[in-house]
1. Do we have any residue at all in the stretch C:67-84 that's closer than 30 Å to A:Asn145 by Cα, in contact with a Cys (Cβ under 9 Å, 6 or more places away or on another chain) and in contact (Cβ under 8 Å) with a residue 40 or more places away in the chain?
2. Enumerate the strands (runs of 3 or more DSSP E) found wholly within the stretch B:33-108, keeping only those where 3 or more residues are under 24 Å from A:Asp245 (Cα atoms).
3. Looking at D:Ile138, D:Ile154, D:Ile127, can you tell me which residue is farther than 21 Å from D:Ile23 by Cα and buried (at least 24 other Cβ atoms within 10 Å of the Cβ)?
4. Test of understanding: among B:Gly64, B:Gly96, B:Gly101, which residue is more than 25 Å from D:Phe314 (Cβ to Cβ), within 14 Å of chain A (Cβ to nearest Cβ) and touching a residue at least 60 places away in the same chain (Cβ under 8 Å)?
5. For A:Ile127, all conditions in the list (1) part of a helix (DSSP H, G or I); (2) within 14 Å of chain B (Cβ to nearest Cβ); (3) touching a helix residue (DSSP H, G or I) at 6+ places or on another chain (Cβ under 6 Å) hold save one; what is the number of the exception?
6. Please work out which residue is nearest to the other protein chains (Cβ to nearest Cβ), limiting yourself to the stretch D:147-175 and to residues that are assigned to a loop (DSSP other than H, G, I, E, B) and free of Cβ contacts under 8 Å to residues at least 60 places away in the same chain.
7. For the structure I just gave you, tell me whether C:Asp196 is among the charged types (D, E, K, R) and touching a Lys or Arg at 6+ places or on another chain (Cβ under 9 Å).
8. With (1) over 22 Å from D:Gly184 (Cβ atoms); (2) within 14 Å of chain A (Cβ to nearest Cβ); (3) buried (at least 24 other Cβ atoms within 10 Å of the Cβ); (4) in contact (Cβ under 8 Å) with a residue 24 or more places away in the chain as the list, and B:Ala178 as the residue in question, which single condition is left unmet?
Protein chains: 4
Amino acid sequence: MKKIGVFTSGGDAPGMNACIRAIVRTAVYHGIEVYGIRRGYNGMIKGEISKLESYSVSNIIQKGGTILRSARSKDFMTKEGRKTAYEQLQKLGIEGLVAIGGDGTFTGANIFFEEYGLPTIGAPGTIDNDLYGTDYTIGYDTAVNTALDAIDKIRDTADSHDRVFFIEVMGRDSGYIAIPCAIGGGAEIVMIPETDTSIDYVVDTLRTGWSRSKTSFIVIVAEGDAEGSATEVANKVQEALPHMDARVTILGHVQRGGSPTAADRMLASQLGIACVEGLISGRQNEMAGIIDGKLTYTPFIDTITKDKPINPEFINMVNILSV
Amino acid sequence: MKKIGVFTSGGDAPGMNACIRAIVRTAVYHGIEVYGIRRGYNGMIKGEISKLESYSVSNIIQKGGTILRSARSKDFMTKEGRKTAYEQLQKLGIEGLVAIGGDGTFTGANIFFEEYGLPTIGAPGTIDNDLYGTDYTIGYDTAVNTALDAIDKIRDTADSHDRVFFIEVMGRDSGYIAIPCAIGGGAEIVMIPETDTSIDYVVDTLRTGWSRSKTSFIVIVAEGDAEGSATEVANKVQEALPHMDARVTILGHVQRGGSPTAADRMLASQLGIACVEGLISGRQNEMAGIIDGKLTYTPFIDTITKDKPINPEFINMVNILSV
Amino acid sequence: MKKIGVFTSGGDAPGMNACIRAIVRTAVYHGIEVYGIRRGYNGMIKGEISKLESYSVSNIIQKGGTILRSARSKDFMTKEGRKTAYEQLQKLGIEGLVAIGGDGTFTGANIFFEEYGLPTIGAPGTIDNDLYGTDYTIGYDTAVNTALDAIDKIRDTADSHDRVFFIEVMGRDSGYIAIPCAIGGGAEIVMIPETDTSIDYVVDTLRTGWSRSKTSFIVIVAEGDAEGSATEVANKVQEALPHMDARVTILGHVQRGGSPTAADRMLASQLGIACVEGLISGRQNEMAGIIDGKLTYTPFIDTITKDKPINPEFINMVNILSV
Amino acid sequence: MKKIGVFTSGGDAPGMNACIRAIVRTAVYHGIEVYGIRRGYNGMIKGEISKLESYSVSNIIQKGGTILRSARSKDFMTKEGRKTAYEQLQKLGIEGLVAIGGDGTFTGANIFFEEYGLPTIGAPGTIDNDLYGTDYTIGYDTAVNTALDAIDKIRDTADSHDRVFFIEVMGRDSGYIAIPCAIGGGAEIVMIPETDTSIDYVVDTLRTGWSRSKTSFIVIVAEGDAEGSATEVANKVQEALPHMDARVTILGHVQRGGSPTAADRMLASQLGIACVEGLISGRQNEMAGIIDGKLTYTPFIDTITKDKPINPEFINMVNILSV
């Protein structure tokens, strides 16, 4: 392998730059040329590709976002789009790819591999941590700490005013972000897609708390929860408890940015190295991940189709700790 | 003066605890007993009052919120409520009050003083900085830094995705929070109640930017802007620019919490001292503030009724700096 | 088991409060009374012990330090001291103990158990992560992030001035803190007790870098490194490279404080629960830990005597990534 | 004026990049070409000068350090060096300069102006805040907040262990950084060059505190204090109080880095604009500053030779607040 390309795709996540840096430097270390493809599959089709050197990735390990930018690409979903993309890569002599992203990214990579056989290895870059094949995704730890920092601030004002705060955190269809936010944020209730936490339960818990002279509460609502958004949940609860002084905060895109934590920089660096060394050793169509502290490679198809269930014990922890 | 009371009222603000600490310690320093009144005027009426010692305020200078808690009080708006409040203070022999809060707090204090003549000095504690009689209010600098930190994170993701972000910041009827967020956050546009920034202007600015290959934008919307909330502004702009990839973030209550900045701790400490020393020297019915680096006392009635206009030059700065 | 005691001992670590909270609430949840012992073994001897309720640990999960305080105890190293301690616990009817701390703490606990047979379970609370029986100790993730945040700041000034910075981080006899600081901080060199990184190697690496037009460097020195402190290392290197513009920073006690990260709050909460549930289920003389995501209990004697070697691959990562 | 140059010189300070950005954009806004001179006077002599566009300063407002780098220049202290520098500027047709730095920078600028008459305006960029002609210098607010954040962390561990911490902060010959660190950090004692705080006073204060059951203390030592460094002060105090459990922390270069605060971004932006607009309006050989909220220009010679005394009241505040 003499030349490889690297790109980021889908929603950006803190640590993507640390991963790009590791990929570039590992390639250079092994005498491989590396090209940066801008704006994901879109840039691959349009040929927005340029060579990266070791110094190109200096001083980016601590930066949020992605210097290669990201985008969703409708064109890559068409046969023609992928053909053009392949031709662009061929023209430059690119023999392998590293894709940093989530399930949409790997779905595209999987089809592309099946059609053109270009070896591709993926690094799991998404704040949602909802990918099978790795204990943690790049960006997850940072997103959780960012959310927790916001929750700490909100508790200051919740406590000062005896209020109930309904805080919505990201996570798509999973409660991976919500759970540590609830446990670490000292929340009384957590509502996640994986479990049924009814409005009645919320109402009862608040009533019980008040009867025990507890005056401020935090309810963490994962964005994908079946009872609806934090606003909807708050409205339903308010109906049953008209005297409740409630506030809603939707943390939003703040969770996607910021300087990556130490854990995310480590993970991104380890997986970036693993992607390039995987390509060198002949691996293809797999995602690098770390499970139980050990480096693993999982076929793209499994990362897309298999579930990564959340530990049910964590829900119980919220109950014990808010006793 | 032998005994004074202190309370926080209205929305909480970072630095209120630093101010309470300064008030208690200055009182102790001058041999005055000091009582903490919990939950603002509500607690005054209900007699939720207890003695504070020097150690009662140890290790609180860095904490957000208010250890005395805060509340809005309907009862204090009635003659009877104020009578009960006065009797509660009389019972304990309290001869002076320090009120930490905003215009609602001082409106109440002003009426109370007129009816019962109890000397009261106020400290400006509100994140909104919309009080006449001081250059800065306690909590303002922290709120701005918290908002700016969030905006920095959002710009990571805005840049990575070539998006337009509409970010709503607090500030009630003023642009005091929005302005430094826009200038410090490198925003392209700022919309504040004090000026007319039309939807057309926003649309034109974005179009001009795109024509110059600028791909990501940040628009700061003060919550009190005439064009509506950030969501409403985004929707209006989207109508004119259907291809715009826009996102809305409402920073919300996060802005009220957090550990106070150095400037807020200094200001809170200075004004806390000034409140107690003002009472000792016979001042009453005034708010302590700092204007052009000098300690001043302004009658409550002026702090409530007079405007503190924003420097119009700041708007121009946003235009120059986003050139 | 009806009554248990909890204490922190040795150097404090962020997350100790989150652990105390989990212990107290889990005890309350299971109908067990829980007593807080202040100042470690010292307070046990002096009887500084008082009952804790669920509300006693409200609003502490986010706080650095330990509300129970910590101390080293010479008296507990004597037979008499331990006898008095046991009598104090007997007097209150305490039937089990939870000890939060490091190897000194567990050495004491082990002897105490052998002499008096009082069931004790430990939670690993130390920033150094040098305890066998758990992948991570409580406080480690926070310490690393705090150090990394400081290193990010130092790199700003290193880059601006073309300087070589020698930064000393904590970690006692291990490089656990130094390694992620070096990888995450984009350092060129890391010196840890577990490996031999000679002064010659440092000198050569700097020379090679300069020859490749690299102008600023960061060298992370673990406090226990064989070549000496960061100051000593810098002096030795300076001798060989008189024109080097070097600066030394010793991060120091800052690394012990601060609000715990999400990971530390989670770990502290999980292990706090595990300590109490371990006692309930009849465990004793063991430390709770998490290895490969699974809860484990390790005899105190093993946590003290067995080594937890650092992954040698990490050293190699620093070399690859600074290419 | 058609072409101007900008450079940073002396110690770097957070906000220098925000200032560079404002200078570049203001020049562009007024149709003036702007050149970036790298590494201060050194780069001026060597001709390390290149044109900057509006986009050259995108996304730097939040970054610590200086993208133009900084250096001290021995060559510029010679007649010949300055001659070469002038010729380099002449060659490019540069008609005016903006110098961001401290007193060393302005000393050089003043001589250069006297010799060659090239209009130069300065922006005060130094964390030390020791420049006459402005209430605050760019970088000061950030440095204080960074130091305070570290002190907050240290207090966690001080409180947990009943220790006395001697913390050394920067500030060259002034106590400007030390004072808000002491007041905002809840320190018991502050030692600054401007006042005499004897070792005896420290010893007495600690003794009195212990006698009142106070168990942990923080002493802030400005680096320029007459009693010596924090280490020296601690040693002297330890002699008188052998049982004191003392620790020393030297905050060091961390204080120079980090993302600038809102106040520093505002100040840097305002002064950057003022520098360029000052040049346009014919000003020269002056430093832009803000005094009592108003923009002012002060002759370089005054900024170098005149003192900016610290408010003596602040010392008294430390005494009152640690009562």
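The values are calculated or read from the model by the stated rules, or taken from the named source; none is laboratory data. The structure displayed is predicted, hence computed values, not measured ones. In this analysis, Cβ positions are derived from the backbone assuming ideal geometry, glycine residues included, and neighbour counts consider all displayed protein chains.
1. no
2. Working: elements: B:33-37, B:49-52, B:96-101.
Strands (runs of 3 or more DSSP E) meeting the threshold: B:96-101.
3. Values: D:Ile138 fails: farther than 21 Å from D:Ile23 by Cα; D:Ile127 fails: farther than 21 Å from D:Ile23 by Cα.
That would be D:Ile154, the only listed residue that is farther than 21 Å from D:Ile23 by Cα and buried (at least 24 other Cβ atoms within 10 Å of the Cβ).
4. Working: B:Gly64 fails: more than 25 Å from D:Phe314 (Cβ to Cβ); B:Gly96 fails: within 14 Å of chain A (Cβ to nearest Cβ).
Only one candidate qualifies: B:Gly101.
5. Failing condition for A:Ile127: (1).
6. Within the stretch D:147-175, the subset assigned to a loop (DSSP other than H, G, I, E, B) is D:162-163, D:170-175.
So of that shortlist, the ones also free of Cβ contacts under 8 Å to residues at least 60 places away in the same chain come out as D:171-173.
Working: D:Gly171: 14, D:Arg172: 15, D:Asp173: 20 Å.
Applying the filter and picking the extreme gives D:Gly171.
7. Details: among the charged types (D, E, K, R): yes; touching a Lys or Arg at 6+ places or on another chain (Cβ under 9 Å): no.
For C:Asp196, the condition - among the charged types (D, E, K, R) and touching a Lys or Arg at 6+ places or on another chain (Cβ under 9 Å) - is not met.
8. Result: B:Ala178 passes all but (2).
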